[in-house]
Amino acid sequence: MYGGRTGGLGQEAFLSLGWNLGIDDLDAVLAANARCNDLGLDQVSLGGTLAFAMECAGRGLLPGGPAFGDAAALPELIEDVATRSGPLGDLLAEGSARAARRLGPEARTYAMTAKGAELPCFDPRPQPGIGLGYALAPGGPRYDALEHDLDFDPVAGLGYSFPEAARAGAAPAPAGELNEERGRRSARLLRLWSGLDALNLCVFASTPTRPLTIDRLTTLVTAVLGEPFTLDDLLTAGQARLDGMRAYALREAAASDGFPDLLSEDLPARLHDEPITTGLYEGAALNREAFARARRAFYEELGWAHAS
């Protein structure tokens, strides 16, 4: 068992370094998480990259690569990636998108990335709004870019939060529904949480699903500023932050020496082509045409043009 001090274990670290790699050894995951903290490695990016390598190895595209479920190999893998040691460490050190480009077109299928960054382990197929966030948020794929679709499902959602969400323009809707309104609602939720980030207010304490309601947070900000602060002001701040981040991302993409993933507004093809095979959401997949329509509505809501 790891006995040192660490920055803590987040839900994403356990998913990315555990189940996503076929590893259910808690001590191995805790130790891996701690070592990532020591080395300054992002657990989600590393976990997605190692999963990519494991799948490529299993399909004969990366001979000698790591295997799913091999908890004993995890410490050495982490060190090799962090220090670019050996051919495998050097291949994986810049993430799965760049590694896939080096391995060839067939390998790119297995790089689960958007904008060149690894996806979090929250499956967007039953929650298409999360998928839109992964593909379109200017900061790249984050599970906390916007509130999850299931929270506002009329049956399975958090009913107490529905009035708050509606105030921000996100009325309840079935979680798996993918249409233009899903695109607009997702953009509004992204704008709301961007406003919270702009004000340095914790999204995990705030509206619409948590105790810091719109009225409470606007009252707090009004008290700090000494002048009225409204929901419209919050959303305006969120829009301004998103606009600035997008302008920065587009500028950096143009100077990225031909790395097209940075301009991508798509999700991995597997999320469209490979439905979930078991469980509560069996059969769920993202319809390409519906996703494209929702994406257009998303950008129209934020006043953005298509990046490419």
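Dipole magnitude of the range 188-275 about its Cα centre, charges +1 at Lys/Arg Cβ and -1 at Asp/Glu Cβ only, in debye to the nearest 20?
Values: 8 positive and 13 negative charges, 71 e Å.
Rounded to the nearest 20 debye, it is 340 debye.
Here the Karplus relation 6.51 cos²θ - 1.76 cosθ + 1.60, evaluated at θ = phi - 60°, turns the backbone of the range 53-66 into coupling constants of 5, 5, 5, 4, 5, x, 9, x, 8, 9, x, x, x, x Hz, with x for every Gly and Pro.
On a per residue basis, the convex hull of the C-alpha atoms belonging to the range 97-144 measures out at 74 Å³. In order along the range 207-222, phi translates into HN-Hα couplings of 3, x, 9, 10, x, 7, 6, 4, 5, 5, 6, 5, 5, 5, 5, 4 Hz, rounded to whole numbers, per the Karplus curve 6.51 cos²θ - 1.76 cosθ + 1.60 with θ = phi - 60° and x for Gly and Pro. Close amide-amide hydrogen proximity is noted between T109 and no other residue 5 or more places distant or on a separate chain, at a cut-off under 5 Å (H modeled in the peptide plane; Pro and chain starts excluded).
Calculated accessible area for the range 153-308 comes out at 52 Å² per residue, all protein chains present (probe 1.4 Å; ligands, DNA, RNA ignored). The length gained by stretching the chain between A93 and L263 to full extension, at 0.36 nm per residue less their Cα-Cα distance, is 59.1 nm. Across the range 241-287, the mean sequence separation of Cα contacts (distance under 8 Å, 6 or more residues apart), normalised by length, yields a relative contact order of 22 percent. Across the protein chains, with a 1.4 Å probe defining accessible surface, the residues H148, H306 rank H306, H148 from largest area downward. A Cβ-based charge dipole, computed about the Cα centre of the range 103-154 with Lys and Arg at +1 and Asp and Glu at -1, lands at about 300 debye.
How long are the three semi-axes of the equivalent ellipsoid of the chain, in whole Å, if each is the root of 5 times an eigenvalue of the C-alpha gyration tensor, listed from largest down? Intermediate results must be reported in sequence, preceding the final value.
On the way: eigenvalues 231, 100, 79 Å².
Value: 34, 22, 20 Å, ordered largest first.
Scalar couplings 3J(HN,Hα) for the range 25-31, obtained by applying the Karplus form with A = 6.51, B = -1.76, C = 1.60 to θ = phi - 60°, are 8, 4, 4, 5, 5, 4, 5 Hz; x denotes Gly and Pro.
Classify the range 1-141 as rounded, prolate or oblate from the Cα gyration tensor: take a ≥ b ≥ c as the square roots of its eigenvalues, call it rounded if a/c is under 1.5, otherwise prolate when a/b beats b/c and oblate if not. Oblate shape, in that a/c is at least 1.5 and b/c is the bigger or equal ratio.
How would the range 230-294 be classified by its alpha-carbon gyration tensor: rounded, prolate or oblate, with rounded meaning a/c under 1.5 and the a/b versus b/c comparison settling the rest?
Oblate is the answer for the range 230-294, as a/c is 1.5 or above yet b/c matches or exceeds a/b.
Distance from the alpha carbon centroid of the range 78-101 to that of the range 226-299 works out to 27 angstrom.
Relative contact order for the range 204-274 using alpha-carbon pairs under 8 Å, separation at least 6, rounded to a whole percent?
Averaging sequence separation for qualifying contacts and normalising by length gives 12 percent for the range 204-274.
Global size of the range 117-254: 14.9, 45 Å for Rg and Dmax (C-alpha atoms, Rg to one decimal, Dmax whole).
Rounded to the nearest 10 degrees, the inclination of helix 288-302 to the longest alpha-carbon principal axis of the chain is 50 degrees.
Remark: spin-label model distance T278-D42 equals 3.1 nm, labels positioned 7 Å along the Cα→Cβ axis.
Can you give the calculated 222 nm mean residue ellipticity of the chain, where each DSSP H run of n ≥ 4 adds -39,500 (n - 2.57) and the sum is split over every residue, rounded to the nearest 500 deg cm²/dmol? Working shown, then result.
Numbers: 14 runs with 155 residues, N = 308.
After summing the helix terms and dividing by residue count, I get -15500 deg cm²/dmol.
Taking a ≥ b ≥ c as the square roots of the Cα gyration tensor eigenvalues, the range 63-155 comes out prolate, since a/c reaches at least 1.5 and a/b is larger than b/c. Backbone amide hydrogens, once placed in the peptide plane, bring L212 within less than 5 Å of S206, T207, excluding anything fewer than 5 places away on its chain.
I'm a student and want to see the number: the projected area of the Cα convex hull of the range 178-308, averaged over all directions, in nm².
Working: hull surface 41.4 nm².
Taking a quarter of the hull surface, the average projection is 10.3 nm².
Amide H contacts for S264 (H built 1.01 Å from N in the peptide plane; partners 5 or more residues away or on another chain; cut-off under 5 Å): K115.
The values are calculated or read from the model by the stated rules, or taken from the named source; none is laboratory data. Everything numeric here is computed off the predicted structure, so don't read it as measured data. Note that we place each Cβ from the backbone using ideal geometry, even for glycine, and neighbour counts take in every protein chain shown. Note: accessible area is taken over every heavy atom of the protein model, side chains too, but ligands, DNA and RNA are not part of it. Shrake-Rupley method; radii C 1.70, N 1.55, O 1.52, S 1.80 Å.
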